[in-house]
1. Given the -39500 (n - 2.57) contribution per DSSP H run of 4+ residues, what per-residue ellipticity at 222 nm results for chain B, rounded to the nearest 500 deg cm²/dmol?
2. Can you list residues from other chains, or at least 5 along the same chain, whose modelled amide H is less than 5 Å from the amide H of A:Cys41?
3. Compute for the range A:13-98: radius of gyration divided by Kirkwood radius, i.e. Rg/Rh, restricted to C-alpha atoms, rounded to two decimals.
4. Quote the accessible area belonging to A:Ser52 in square angstrom, nearest 10, computed with a 1.4 Å probe and with ligands, DNA and RNA left uncounted.
5. I'd like the Karplus ³J(HN,Hα) series for the range B:77-92: coefficients 6.51, -1.76, 1.60, θ = phi - 60°, whole numbers in Hz, and an x wherever there's a Gly or Pro.
6. Could I have the simple spin-label model distance between B:Leu65 and B:Gln77, label points 7 Å from Cα toward Cβ, reported in nm to one decimal?
7. With a bin width of 10 angstrom, please list the P(r) values of the protein assembly as shown as percents of all Cα-Cα pairs, from the 0 bin to the one holding the largest distance.
8. For the interface of B with A, what's the total buried accessible surface in square angstrom, probe 1.4 angstrom, rounded to the nearest hundred?
There are 2 protein chains.
Amino acid sequence: MSHLSQSIPKDKVRAASEGLRAIAHELRLSVLCHLLAEPMCVAELMEATGSSQSNLSQHLSKMRLMGILQNEKRGQQVYYHIANPAFAELVEALKKIYCPEMCFVDTEKKTREG
Amino acid sequence: MSHLSQSIPKDKVRAASEGLRAIAHELRLSVLCHLLAEPMCVAELMEATGSSQSNLSQHLSKMRLMGILQNEKRGQQVYYHIANPAFAELVEALKKIYCPEMCFVDTEKKTREG
DNA sequence: TCATAATATTAGCAATAACTAATAATAGAA
DNA sequence: TTCTATTATTAGTTATTGCTAATATTATGA
């Protein structure tokens, strides 16, 4: 079928590899999955992921520095959201592979499972 | 747009994370990109990636054990190919993000760049 | 201002992962 | 069988990454 596709140039492979490593970590991926739905503050993400404050904060910081996330202060809370739509797409693509049954909920007739 | 998408269950996140880590490594990703085009033997992959025999072999072995690759002996050579189409899809998705200009070569008019 | 809640940062340790060098295994050729 | 080419495996070292505990910062409220 697509056996003509070319291999990616070295610098692009490196960039892709960095991007993948950034989201491959279990906690970071979990955060991204949650943020796919809506922006959340750190406390909410702690609750949702079960991770410690410090650890989570470090991973959020890492993703922010990489341009994957952006944050916005509201009072004492800091809300995070996915800044780069490419990563949202990647995570959606992942879901299609690892959770195919979840991927039709919002696009197809959602009456099927109530 | 798809703000209704649910977050992936914990065990699926773990599986996705493992899958991502498997392909996130620069050398492994490079190998996958090459194998996207056609099966290749170890010597060819050494040439294509510039990696050492031992190192490459270890990464090939890892991907084989994870079910990403399969190999086939032809004489003294061992040819590798992508065994799991999901990973081929993932790498193609990556290419769409990191190398959008390469992604139309085989599907659209390829006369554009000769 | 002082106290508290939410988040960020730092340092140090623990766990993983990757690489190199050496050696082993296997297939084919002489 | 012996030699060579190809690939695999192992052991040991180095590098990277992640985690915890402690501390700092920032905003809010009393």
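The values are calculated or read from the model by the stated rules, or taken from the named source; none is laboratory data. Remember, it's a predicted structure, so these values are computed and weren't measured experimentally. Note that we place each Cβ from the backbone using ideal geometry, even for glycine, and neighbour counts take in every protein chain shown. Each accessible area value is taken on the protein alone, full model and side chains, heavy atoms only, with ligands, DNA and RNA left out. Shrake-Rupley method; radii C 1.70, N 1.55, O 1.52, S 1.80 Å.
1. -17000 deg cm²/dmol
2. So A:Cys41 has HN proximity to A:Tyr80.
3. 0.95
4. 60
5. 7, 10, 9, 10, 9, 6, 8, 10, x, 4, 6, 4, 4, 4, 5, 5
6. 2.7
7. Values per bin, smallest distances first: 7, 30, 31, 22, 9, 2, 0.
8. 4100
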